[in-house]
1. Could you go through the range 190-212 and let me know if any residue there is over 21 Å from F129 (Cα atoms) and more than 17 Å from the chain's Cα centre (by Cα).
2. Is it the case, given these coordinates, that D56 is out of contact with any Pro (no Cβ under 7 Å at 6 or more places or on another chain), part of a loop (DSSP other than H, G, I, E, B), modelled with pLDDT of 95 or more and more than 24 Å from L174 (Cα to Cα)?
3. Within the range 22-46, restricting attention to residues that are farther than 24 Å from F87 by Cβ and among the polar types (S, T, N, Q), which residue is nearest to the chain's Cα centre (by Cα)?
4. Could we say that T155 is modelled with pLDDT under 95 and either among the hydrophobic types (A, V, I, L, M, F, W, C) or more than 19 Å from S9 (Cβ to Cβ) (or both) here?
5. Could you please let me know if S186 is under 22 Å from M1 (Cβ atoms), surrounded by 15 or more Cβ atoms within 10 Å (Cβ to Cβ) and modelled with pLDDT of 95 or more?
6. If a residue counts only when it is surrounded by 13 or more Cβ atoms within 10 Å (Cβ to Cβ) and either in contact (Cβ under 8 Å) with a residue 40 or more places away in the chain or of a type in the set (S, T, Y) (or both), which helices (runs of 4 or more DSSP H) contained entirely in the range 65-165 have at least 2 such residues?
7. Filter the range 171-212 down to residues that are hydroxyl-bearing (S, T, Y) and in contact with an Asp or Glu (Cβ under 6 Å, 6 or more places away or on another chain), then give me how many there are.
8. Quick one: in the range 170-182, which of the residues that are within 18 Å of the chain's Cα centre (by Cα) and assigned to a loop (DSSP other than H, G, I, E, B) is farthest from V211 (Cα to Cα)?
Amino acid sequence: MHILVIGASHGIGLEVVRYALARGHSVRAFARGAQSIQIDHPNLEKRTGDATRSDDVKAALEHVEAVVLTLGVPKKLSSLMRPIHLFSEATDVLIAEMQDAGVRRLLAVTGFGTGDSYARVSSAERIAFQAIMGRAYADKDRQERMICESDLDWTVARPGVLTSNRATHRYQALTEPSTWRNGVISRADVAHFLVHAAEDGTYIREAPVLVR
C-alpha cells in the first residue's frame with residue numbers, strides 16, 4: 001500500500017513509519033519536522049507540512065490509499081493548560097481533502113477516555129484526567145465526532161497509557177463497551193494495530209480501546 005502518516009516525526013507516527021516500511025509499504029511521512037526523521041529507506045518520502053493547512057494536506061494525499069492520523073501535542077503542563085484545537089482543526093481539513101481526493105481509508109489515534117469510552121474511566125482517574133488532559137481530550141472528542149459522522153472508512157484507535165517499550169504483539173483491541181478499561185500499551189504495538197488494520201480492512205467504523 002501507499003500510506004500517508006500524519007504526525008510522523010515522533011511517537012506513534014514514527015513507529016507506524018518504521019513498521020509500515022518493514023511490512024513492504026510505501027510511506028509518505030508528513031510532519032512539520034519531517035526532515036528530522038532519522039530513517040532512510042527507498043520507500044520513504046519525507047514531506048514537510050502543516051496538518052491544518054488545506055494546500056499541504058491536499059498535496060500529501062496524492063496517490064495514497066490509506067491515511068494514519070497520529071497528531072499529538074507537547075506533554076508540557078504549560079501546553080496542556082492552553083486551549084487546544086489542533087486535533088479538530090486538522091481533522092476538519094483532512095476529512096474534506098480526503099473526500100475531495102477520493103481517499104476513503106482513515107485510521108486515527110485518540111485515546112482511552114475519548115467519546116463514549118469516558119464512561120469507563122474510573123472516578124479516581126477522572127480527577128487527574130480532567131485536571132491535566134481535559135483540554136486535549138475535549139478537542140479529541142470533537143475530532144472523534146467529526147470522524148464518526150463522516151462517510152469515510154474510518155477506524156479510531158483509543159490506546160491506554162503509552163510506553164516506549166518494544167512491540168509484543170500481545171495486546172487487546174476491545175470493541176465491546178462493557179470490556180473497555182484503562183491499561184498500558186507500547187507505541188510500537190499501537191503502530192502494529194494500525195498497519196494491520198489498514199492492510200486487512202478490519203475494524204472499519206469501530207473505535208477499539210487498545211491495552212495489554
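1. yes
2. Numbers: out of contact with any Pro (no Cβ under 7 Å at 6 or more places or on another chain): yes; part of a loop (DSSP other than H, G, I, E, B): no; modelled with pLDDT of 95 or more: yes; more than 24 Å from L174 (Cα to Cα): yes.
Answer is no for this residue.
3. Going residue by residue through the range 22-46, those that are farther than 24 Å from F87 by Cβ are 22-26, 38-45.
From what is left, the residues that are among the polar types (S, T, N, Q) are 26, 38, 43.
Details: S26: 18, Q38: 20, N43: 21 Å.
Going through the qualifying residues, I end up with S26.
4. Numbers: modelled with pLDDT under 95: no; either among the hydrophobic types (A, V, I, L, M, F, W, C) or more than 19 Å from S9 (Cβ to Cβ) (or both): yes.
For T155, the condition - modelled with pLDDT under 95 and either among the hydrophobic types (A, V, I, L, M, F, W, C) or more than 19 Å from S9 (Cβ to Cβ) (or both) - is not met.
5. Values: under 22 Å from M1 (Cβ atoms): no; surrounded by 15 or more Cβ atoms within 10 Å (Cβ to Cβ): yes; modelled with pLDDT of 95 or more: yes.
No, not satisfied.
6. On the way: elements: 77-80, 86-101, 123-149.
In the range 65-165, the matching helices (runs of 4 or more DSSP H) lie at 86-101, 123-149.
7. Start the filter on the range 171-212 by keeping residues that are hydroxyl-bearing (S, T, Y), which leaves 171, 175, 178-179, 186, 202-203.
Then keep just the ones that are in contact with an Asp or Glu (Cβ under 6 Å, 6 or more places away or on another chain); that gives 171, 175.
So the count comes out to 2.
8. As a first pass, look at the range 170-182 and keep what is within 18 Å of the chain's Cα centre (by Cα): 171-175, 182.
Now narrow it down to the ones that are assigned to a loop (DSSP other than H, G, I, E, B): 171, 175, 182.
Working: Y171: 6, T175: 11, N182: 7 Å.
Looking at the filtered set, the residue picked out is T175.
The values are calculated or read from the model by the stated rules, or taken from the named source; none is laboratory data. Being a predicted model, the structure only gives us computed values, none of them experimental. Quick reminder, even Gly has a Cβ in these numbers, built from the backbone with ideal geometry, and neighbours come from all protein chains shown.
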